[in-house]
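Report on the following structure.
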Amino acid sequence: MNVVFAGECGTGKSSLINLITGRDIARTSNDTAACTTAVHSYKVSIDGCNLRLWDTPGLDEGSTTCTNSRSSEALVKSLHRLKCKRDIHLVVYCMHGNRAKTALLKHYETIRDTLPPTVPIVAVITRLERYQDRMENWWSNNAQELASFGMNFADHACITTVPNYHGLPSAFRERLIHSQRAVRDLILRNCPSQLLPVRFPATPAPNVVTRGQKDPGLRAVNMQITSHRVRATMQLRRIPTTLFA
């Protein structure tokens, strides 16, 4: 499954990939102006589902500068190349929780217009470690406004990607642990069903005797079934052959 991460510079796309994988595999920076300028991909398995995560060039704020135009063009080219070489199954659109929402619309439209309508776009709201309320409440307070701008998402997660350093306040660490599970579940919920691994029961079905099992009750049931099979076989042998002449 190919999952593409897109969004503005400084929204923490690379940090989000590290959070999902549980490893520092994507290069990050403390400078919010620093940004991914090329496409990078990372293989990861989540609950048995094999994924390839694609980190794309970051989009700049605003819509008038030459730099902003180049960043949008770079993202569009990246998406087109991915479409030509492989299927895109999901787009994760990263947004800063404190960013002006009207500035996000142009970038959303750029992504939506580049992809087939069948490709779902999910929203991940980042940098909510200091959000006063529950992180999920950010969506409750802002989803309607996003929809009024024409930004419609198949699903969402409200998270933090704050680095898990020694001495991180326990409240932040709890939010970080919750965020990792929330984003992983978000991806799996929106994964095409045919790409999900087949899961089998972990325990034997009832009344099935496994090899080496010594349950006396199950042995009696097994013997009873065997005796019925023997009687049925004997009855078949007594059927006159003239019936089949």
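Each reported figure results from applying straightforward, stated rules to the coordinates on display, with no laboratory input. Source: prediction; values computed, not measured. In this analysis, Cβ positions are derived from the backbone assuming ideal geometry, glycine residues included, and neighbour counts consider all displayed protein chains.
Things to note:
- This ranking places Cys191, Cys84, Cys94 by how few other beta-carbon atoms lie within 10 Å of each, fewest first, which gives Cys84, Cys191, Cys94.
- The protection proxy used here, the mean number of other Cβ atoms lying within 10 Å of each residue, ranks peptides 1-11, 131-141, 72-82 as follows, highest first: 1-11, 72-82, 131-141.
- Lysine-lysine proximity count for the stretch 2-195, Cα under 27 Å, sequence distance 8 or more or distinct chains: 14
- Gyration tensor (alpha-carbon) shape descriptor, the stretch 2-195, a/c threshold 1.5: rounded
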